[in-house]
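The values are calculated or read from the model by the stated rules, or taken from the named source; none is laboratory data. What you are looking at is a predicted structure, and each value in this text was computed from that prediction instead of being measured. As a convention, Cβ positions derive from the backbone with ideal geometry for all residues, glycine included, and neighbour counts pool all protein chains shown.
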Ligand code: GDP
């Protein structure tokens, strides 16, 4: 056994140093930790879990905000404007992303260096593109862990960006304290969101680009308010507000942040803030159990051996799907 490794749960000297450096707020150490988290190598994964365990007591103090909107809604312009406003107000922010399409396209939201150029130059901001780990579950998993590492490094605001397509919104809403929808001021857009059931998970709606056509923006705000009014609110203590912003003109950032603070205060005093985090942590555990079981199933040698023939028999109608599943699952019993 090399000198710098000890028992199963202990950190190696190298990783202890990494933990210390993350806790001291060193960006390079944080980036390195996230690289470990995102690695698919099993030795890296083992190290990442130990590092995270050591960082865990230092997490939880940030406010976690999810921001979603269709491509072109102005997410990166908005995050940059808000980020700079936040830094000037004394905050430190980390920007993470969940974009499961990044493994297909090769790029990712936040991956493009020209995005958020000004924010990238600021010491108080840490920006990390979406992991390209494949499935939405895998991407979300790594983003959740990266979020914890950022909190341990002292970032007090975590923004998680996601594209307004697919299931990624619901996934991000499940890992943040507050979920924000960034919308364009036109009715077609509203209908899209309403149809997709995203409205239900929004804690705040920000209509962006109000500078282009203030009248249309006012109409959009009224429509949104009406749509939200028809829903049963997720909390008796919060009615999702609708505000207008202009990311390009950097207008509305103070109003936006005031709503976030108002939400945090309302949810904290009612106890819902902690309750939500507890529920999210348990849901996260169960989703990991499910993916772990799935992997265990797929990797089991007897299952692996019998799966092709049983699948064929199910396809041919020679055995019912239920009976085949039962047979395969029986291999997991010890
Ligand atoms: P994303 O795809 O959601 O990240 O959107 P971007 O931030 O890349 O913005 C898409 C386009 O909208 C860019 O050309 C921005 O300059 C423009 N844009 C973003 N916010 C505003 C705004 O408040 N007003 C105006 N007029 N244009 C904006």
Residue in segment 60-75 that is farthest from residue 198 (Cα to Cα), counting only those that are modelled with pLDDT of 95 or more and away from the ligand (no atom under 16 Å from the Cβ): 62
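When you go through 215, 196 one by one, which is the residue that is modelled with pLDDT under 80 and either away from the ligand (no atom under 13 Å from the Cβ) or touching a helix residue (DSSP H, G or I) at 6+ places or on another chain (Cβ under 6 Å) (or both)?
On the way: 215 fails: modelled with pLDDT under 80.
Unique residue meeting the criteria: 196.
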Any hit, segment 240-251, residues being in the same structural domain as residue 174 (by TED's automatic domain parsing), loosely packed, with under 12 Cβ neighbours inside 10 Å and modelled with pLDDT under 95: no
In segment 223-234, the residues that are more than 15 Å from residue 182 (Cα to Cα) and either within 14 Å of the ligand (Cβ to nearest atom) or in a helix (DSSP H, G or I) (or both): 226, 227, 229
Filtered residues of segment 1-26 (kept if modelled with pLDDT under 90, farther than 12 Å from residue 54 by Cα and surrounded by 10 or more Cβ atoms within 10 Å (Cβ to Cβ)): 4, 5, 6
Residue count for segment 148-159, restricted to those that are in a helix (DSSP H, G or I) and either out of contact with any strand residue (DSSP E or B) (no Cβ under 6 Å at 6 or more places or on another chain) or surrounded by fewer than 22 Cβ atoms within 10 Å (Cβ to Cβ) (or both): 4
Hits in segment 195-217 - residues which are surrounded by 14 or more Cβ atoms within 10 Å (Cβ to Cβ) and more than 25 Å from residue 267 (Cα to Cα): 196, 208, 209, 210, 211, 216, 217
